[in-house]
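Every number here is computed from the coordinates shown, using simple stated rules; none is lab data. Treat the numbers as computed from the prediction; the structure is a model and nothing was measured. For neighbour counting, all protein chains shown are included, and Cβ atoms are generated from backbone atoms with ideal geometry for every residue, glycine included.
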Amino acid sequence: MSTGTGITDEIRAFVLGSLTEMNYSVAGVDDDTPLGPAGVDLESLSLAELGIRVEERFGVMFEEDEAELLGTMTVGEFGAALAA
């Protein structure tokens, strides 16, 4: 198993844990579930909170245009982007 998979799993677990703490249901959420509409259905403030949590936990910084893209990503795409 590659290190990339390990960090991706860690990111996924962190994202799902954060969503639970933010009172979002993660039942049935997998890598193909969109973070925005028709998926987890995070609104802009929730997307911003998730972004801040990830920035603080993993030491990354999102540019403004990148943060706006979060709502268009799936859970798996988000994890892969962070791992990269």
Dipole of the chain [Lys/Arg +1, Asp/Glu -1 at C-beta], most positive-end residue of Ala48, Pro34, Phe58: Phe58
Debye, to nearest 20: dipole size of the chain, +1 on Lys, Arg Cβ, -1 on Asp, Glu Cβ: 300
Val26-Asp41 pseudo-label distance in nm [points 7 Å out on the Cα-to-Cβ vector]: 1.9
Nonlocal amide H pairs with Thr74, under 5 Å, H built at 1.01 Å: Leu35
